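The values are calculated or read from the model by the stated rules, or taken from the named source; none is laboratory data. Note that this is a predicted model, so its numbers are computed, not measured. Backbone-built Cβ (ideal geometry, glycine too); neighbour counts: all protein chains shown.
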């Protein structure tokens, strides 16, 4: 991947000069009065994506709400909707390996899950030396001016901000990867195929940096916006029930793969009843056609939304180690 080094050095200089002047950041989503499981690290640091507020807000902005869906006091399963201040929750490793991973959790574009596909993966990555950034992206159904591109705008901006602040986190700006789950897998695949799309106006030095991830790992991803492969809920929230074929194509990553797309790691369970496995197969075929490097793992059982916790005790539980081994071959994990 090619990075504009002059732009990066200029951005790093600005970052160093202004490091002590950053405004207070929005806290990560939380449930008021909610108890957290003991012993699990929680993010103590967040990065707001848009210092002067997210662009394209409607006259009456949505209200951020966090719902706790777990009934087990030792396991949280929060979901956040109405995101007005998109931000990243940061998980810093004790010994950084120089690589960063932007995590985009799922939620069907109705909400963004916090724990199962966000914080749990952030902790796993940080324990292995990766600096993890869990992205709470805006949702297309909330009336933002960018419409179906609003989550992509946040993912592009997040990738650029990570590079902009690489020095602060001991990160190599060339080694900023992406990983996403379900609808967040769509965000990940969209970022890795439409990283060069102009979906927002730049606001600072960070926006002169590349939004192309080093590599991408869409896990059981939503890909196609066309029946019968489309996940109906995600499609409705992203492009609407009556979307034209042209609009469907614009937001189907397998139809937008450029020749210079980054390497992909794909993973899906064949018994997924929510997002058909053909979503991953369509993306794999498109990547192969463009001669883009891709590794694909299909599991007989696993269902949908297994993340880490629901994979335990099944063959699919090995998937994070498969990703890590593959990441070494790409130069992400040295």
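For the stretch 129-144, indicate whether the set of residues that are surrounded by fewer than 21 Cβ atoms within 10 Å (Cβ to Cβ) and closer than 22 Å to residue 311 by Cβ is non-empty. Yes. Out of 163, 128, 157, one residue alone is at pLDDT 95 or above and in contact with a strand residue (DSSP E or B) (Cβ under 9 Å, 6 or more places away or on another chain). It is 163. Is it true that residue 202 is free of Cβ contacts under 8 Å to residues at least 24 places away in the same chain and either more than 19 Å from residue 287 (Cα to Cα) or buried (at least 18 other Cβ atoms within 10 Å of the Cβ) (or both)? The answer is yes for residue 202.
Only one of 187, 199, 222 is farther than 30 Å from residue 321 by Cα and under 17 Å from the mean Cα position of the chain (by Cα). Can you tell me which?
Working: 187 fails: farther than 30 Å from residue 321 by Cα; 222 fails: farther than 30 Å from residue 321 by Cα.
Being farther than 30 Å from residue 321 by Cα and under 17 Å from the mean Cα position of the chain (by Cα) holds for just one of 187, 199, 222, which is 199.
For the stretch 290-301, the criterion of being surrounded by 22 or more Cβ atoms within 10 Å (Cβ to Cβ), more than 23 Å from residue 328 (Cα to Cα), touching a helix residue (DSSP H, G or I) at 6+ places or on another chain (Cβ under 9 Å) and modelled with pLDDT of 95 or more is met by none of the residues. Give the residues of the stretch 105-149 that are part of a helix (DSSP H, G or I) and within 13 Å of the chain's Cα centre (by Cα), sorted by residue number. Once the filter is applied, which keeps residues that are part of a helix (DSSP H, G or I) and within 13 Å of the chain's Cα centre (by Cα), the stretch 105-149 yields 117, 118, 119, 121, 122.
When residue 281 is tested against (1) in contact with a strand residue (DSSP E or B) (Cβ under 7 Å, 6 or more places away or on another chain); (2) without any contact (Cβ under 8 Å) to a residue 24 or more places away in the chain, exactly one condition is not met: (1). What do you reckon, is residue 147 surrounded by fewer than 24 Cβ atoms within 10 Å (Cβ to Cβ), at positive phi, in contact with a helix residue (DSSP H, G or I) (Cβ under 9 Å, 6 or more places away or on another chain) and modelled with pLDDT of 95 or more? In short, yes.
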